Structure formats: C-alpha cells, structure tokens
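What follows is a set of notes on a single structure, which appears directly below.
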Amino acid sequence: MRYGIIGAGAMGYRYGIMLQENAGVTVDFIETWQSNLEQVRKQAGVQVARDHQNRRIVPINIYTPEDYVGHPDVWIIFKKQMQLADELQRDAPLFHEDQYVFSAMNGMGHFEKIAQYFPADHIIGGTAMIATVLNGPGDVDFMGPVGSEVMHMSKYAGERDDVTNQVMADFTAADLNPIWSDNFMGMCLSKVVFNAVTNSLCTMFEIQMGQFIAYPGVKDMATQLFNEAYDACERAGIKLIETRQEEIDSVETVSRAYKYHYPSMYQDFSKGRPTEVDYINGYIAKLGREHDYVCRVHEFVTQEVHLAETMRQFKQTAVPISI
C-alpha cells in the first residue's frame, strides 16, 4: 500500500521513514511548514539520527498540499491539536472516499475532526509510546534503542477489515511493534492519562524524564493524578486498557528508558509555541465535570502549564538587578 503522511514533524518523520525503510512501502509527506520543506529539498532528504548518533540523510518525497497529485491508500496524520482543523481544511481536496486514515496524535479531540472528512469505519486510531525529537527543519532524532517502539491500534468504528489488517502488517514490518485493541476509548485514554503526568510536569519544571523520575515524590504525585483520571473515566463508563498500578509503574519504567528525553509538550513550550495541555489534563478535567466529578489536580495542572506559558514573556525580558 501507499501511505501519505500529513505533518512532517517528529512523529510524522518517524512513522514515514520506518515504513519506507523497514517495510519497503511508498511514503509521501505532505507539509505546510515552509522552512521544513525548503530544508529537506536543499539537503535532498531529511537528517535522521537515533539517540544523537549515526546521523544520515534519508531521501523522501515531500510536497505541499497544493503540489501533491498522488492517491495514497492510507493517510497518517501527526499534527498538533491546535493546528489540525486548518490543516484538514487545506488538505481536503486530497481526500477520497476509498482512503483510510490513521492517527496517533497526543491528546483527545482529533478523531472528531478527522471524522468530518472520512467515514467513521475508515478511521484507525492509535497511541504511540515512541519518543522522537524534531531538532529543526529537516532534522529528526529517534530516541530509544532499535526495537523499543511500542504502539497500540484500534478502529474508531466498525470491525477490523482487510485494509486495517494490512496497515497492522505494514506497521509490524516497519518495527513499530503495533498491539491491537478492541477498546478504542480505553486505548486512547490510557495514553492521555500517562501524558497528563509526564508531559505536563516535565514541561512546568523544564526537565528531562530522567530528572523527573529522580525526585522521590514522583510516585505519590503520579498516583494522585492517575487516581483522579481513572475515577473520571470510570464515571464516564470508560475502562482503560491498563490498570491503575500498571500506569503508575509505567511512569518509572518509561522515564528511565528515555531519561534524556524532553516530552513533546516541553518541546513546544521551549520554542514558544502553545502546548496541548487543554487536550490532555484539560480533557480529563472536562470529562470528569461532564460526569459530576471534579478532577481538582488536573484542573490545577492545566492552569499551571498555562501560567508557565504566560510567564515566558517575563523570563525573556527580565533584566538582572543588583541590591
């Protein structure tokens, strides 16, 4: 099958290049960030490293939406939640009724937007425990050793079919290590509640995951956040694919495995971009209130991340004084 990647960012590059190189399928990249396009074309590909080592140029096919005339069987979407609606509107002329779409974006809210352009039973959802850093235009770093990739897949609506099975097979051949789940919402929320701990807290304190897990109180903080999230999900009738204890344990396991990694939310924060906290902690808080439960810590964390965003202007302009 032919794949089209919408969003040549950290995860878009990761999925597209692994499919291209390991599964041997044709991949086209659709990009609207002009600097990224220009750099890839200038260097005849994208710079790829793994854990900062073995940097090399990988040739890719990259286009603007207006330039693209291909017809992929499956679109793969990796955009920031705040950018998605505008991106889909711009890409709409490229969408056709026979195509499928896969997305494993962070946060919640994207599938409802995607469903405005694709039949519900042509949408494949996913989550990815795959750390990747976009260093700059045309420059990506795959974090973690070869084979460490972990992801889940599930249908947004309907049963598994031949196309879905082929996507699963291609992702397996690409060494993305997909795991199938029949519990769509439970799969999605399991990743959201994990990110609501690691991404948000690392962002507020501007630290790597290894620095985060070095604090002795992390387990207690994580437990409080997970308990609120699980309570909200239970009231909403959503059973997560991992138990509370498995989620708590995963914070230490993943943080130690990716100890030098800054989560994607911090990568946005550090570059002065808005974060996705409203689609992560904010989503959990909203879900709770919709079912007569107040997630006080998640509401506080959401506000605190926004406070940190607001405070950037003062850090940038502050002038030291002597007393």
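The values are calculated or read from the model by the stated rules, or taken from the named source; none is laboratory data. For clarity, every value in this text was computed on a predicted model and none was experimentally measured. Note that each Cβ is placed from the backbone with ideal geometry, even for glycine, and that neighbours are counted across all protein chains shown. The accessibility values were calculated without ligands, DNA or RNA, using every heavy atom of the protein model including side chains. Shrake-Rupley method; radii C 1.70, N 1.55, O 1.52, S 1.80 Å.
Sum up the charges of everything whose Cβ sits under 13 Å from the Cβ of Glu21, counting Lys and Arg as +1 and Asp and Glu as -1, but leave Glu21 out. All intermediate terms of the calculation are to be shown ahead of the outcome.
Details: positive: Arg14, Arg50, Arg56; negative: Asp170, Asp175.
Charge balance near Glu21 sits at +1.
Quote the relative contact order of the chain in percent (integer), defining contacts as alpha-carbon pairs under 8 Å separated by 6+ residues.
Details: 553 pairs, mean separation 50.5, N = 323.
Across the chain, relative contact order equals 16 percent.
Can you pull the accessible area of Arg273 for me, 1.4 Å probe, Å² to the nearest 10?
100
Show the residues, 5+ positions off or on another chain, whose built amide H is closer than 5 Å to the amide H of Arg50.
Phe142
What whole-number distance in Å separates the alpha-carbon centres of segment 9-67 and segment 181-207?
Each part reduced to its Cα centre gives a spacing of 26 Å.
Based on the Cβ-Cβ distance of Phe314 and Gln211, what FRET efficiency does E = 1/(1 + (r/R0)^6) give at R0 = 30 Å, to the nearest 0.05? Present the calculation step by step, with values, prior to reporting the outcome.
Values: r = 24 Å, r/R0 = 0.78.
E between Phe314 and Gln211, to the nearest 0.05, is 0.80.
Starting from the Cα of Glu252, step 7 Å toward the Cβ, then list every residue of segment 204-240 with an amide N under 13 Å from that point.
From segment 204-240, the list is 213-223.
If you keep only loop residues by DSSP, which GluC sites (Glu not before Pro) in segment 146-232 have at most 16 other Cβ atoms within 10 Å of their Cβ? Intermediate results must be reported in sequence, preceding the final value.
Values: sites: Glu149, Glu159, Glu206, Glu228; in loops: Glu149, Glu159, Glu206.
Filter output for segment 146-232: Glu159, Glu206.
Asp121 to Glu66: extension gain in nm, 0.36 nm per residue of separation minus the Cα-Cα distance? List each step's numbers first, then the result.
On the way: separation 55, 0.36 × 55 = 19.80 nm, distance 2.71 nm.
Answer, rounded to one decimal: 17.1 nm.
Taking every DSSP beta bridge that has both residues in the chain, what percent is antiparallel when rounded to the nearest 5? Mind dumping the intermediate values first?
Numbers: 14 of 40 bridges.
Counting DSSP beta bridges with both partners in the chain, the antiparallel share is about 35 percent.
Packing-wise, with mean Cβ within 10 Å as the measure, how do 189-202, 169-182, 75-88 rank, highest first?
Averaged packing, sorted descending, gives the order 189-202, 75-88, 169-182.
Roughly speaking, what is the stretch gain from Gln89 to Asp73, that is 0.36 nm per residue apart minus the C-alpha to C-alpha distance, in nm to one decimal? Don't skip to the end; give the middle numbers.
Details: separation 16, 0.36 × 16 = 5.76 nm, distance 1.93 nm.
Roughly 3.8 nm would be gained on extension.
Answer rounded, prolate or oblate for segment 132-237, using the Cα gyration tensor with square roots of eigenvalues a ≥ b ≥ c: rounded when a/c is under 1.5, else prolate when a/b is larger than b/c, else oblate.
Values: a/c = 2.58, a/b = 1.22, b/c = 2.11.
Oblate is the answer for segment 132-237, as a/c is 1.5 or above yet b/c matches or exceeds a/b.
Looking only at segment 1-149, where both bridge partners belong to it, what percent of the DSSP beta bridges are antiparallel (to the nearest 5)?
Numbers: 8 of 31 bridges.
Of those bridges, close to 25 percent are antiparallel.
To the nearest 20 debye, what is the magnitude of the charge dipole of the chain about its Cα centre, counting +1 on the Cβ of each Lys and Arg and -1 on the Cβ of each Asp and Glu? Mind showing how you got there, number by number?
Values: 27 positive and 42 negative charges, 200 e Å.
Roughly 960 debye, rounded to the nearest 20.
Would you mind checking which residues have amide H under 5 Å from Asn61's amide H? H placed 1.01 Å from N; only 5 or more apart, or other chain.
Under 5 Å from the amide H of Asn61: Phe29.
What net charge do the residues around Leu287 carry, taking every other residue with its C-beta under 13 Å from that of Leu287, with Lys and Arg at +1 and Asp and Glu at -1? List each step's numbers first, then the result.
Values: positive: Arg235, Lys286, Arg289; negative: Glu228, Asp231, Glu234, Asp278, Glu290, Asp292, Glu299.
Neighbourhood net charge equals -4.
Nearest-5 percent of antiparallel DSSP beta bridges in segment 1-71?
Working: 4 of 12 bridges.
Close to 35 percent.
Do the sum for the chain: with -39,500 (n - 2.57) for every DSSP H run of n ≥ 4, divided by all residues, what is the mean residue ellipticity at 222 nm, to the nearest 500 deg cm²/dmol? Walk me through the numbers before you get to the answer.
On the way: 12 runs with 144 residues, N = 323.
Per the formula, -14000 deg cm²/dmol.
For a test of the definition: using alpha carbon positions, the gyration tensor, and the 1.5 limit on a/c, classify the chain as rounded, prolate or oblate. Can you show the working numbers first?
Numbers: a/c = 1.59, a/b = 1.21, b/c = 1.31.
Oblate.
Can you tell me how segment 203-313 classifies by the Cα gyration tensor, rounded, prolate or oblate, using a/c under 1.5 as the rounded cut?
Values: a/c = 2.11, a/b = 1.20, b/c = 1.75.
Here segment 203-313 falls in the oblate category.
Report the local net charge at Asp268: Lys and Arg +1, Asp and Glu -1, summed over other residues whose C-beta lies under 13 Å from its C-beta.
+1
Across segment 210-223, in residue order, what do the Karplus-derived ³J(HN,Hα) couplings come to in whole Hz, using 6.51 cos²θ - 1.76 cosθ + 1.60 with θ = phi - 60° and x for Gly and Pro?
So the Karplus estimates, Gly and Pro as x, are x, 5, 4, 6, 5, 6, x, x, 4, 4, 5, 5, 4, 4 Hz.
Students often check this: by mean Cβ neighbours within 10 Å, which of 2-12, 214-224 ranks highest, and how do the rest follow? Show your work: numbers first, answer last.
Values: 2-12: 23.5, 214-224: 14.0.
Per-residue Cβ counts within 10 Å, averaged per peptide and sorted highest first, yield 2-12, 214-224.
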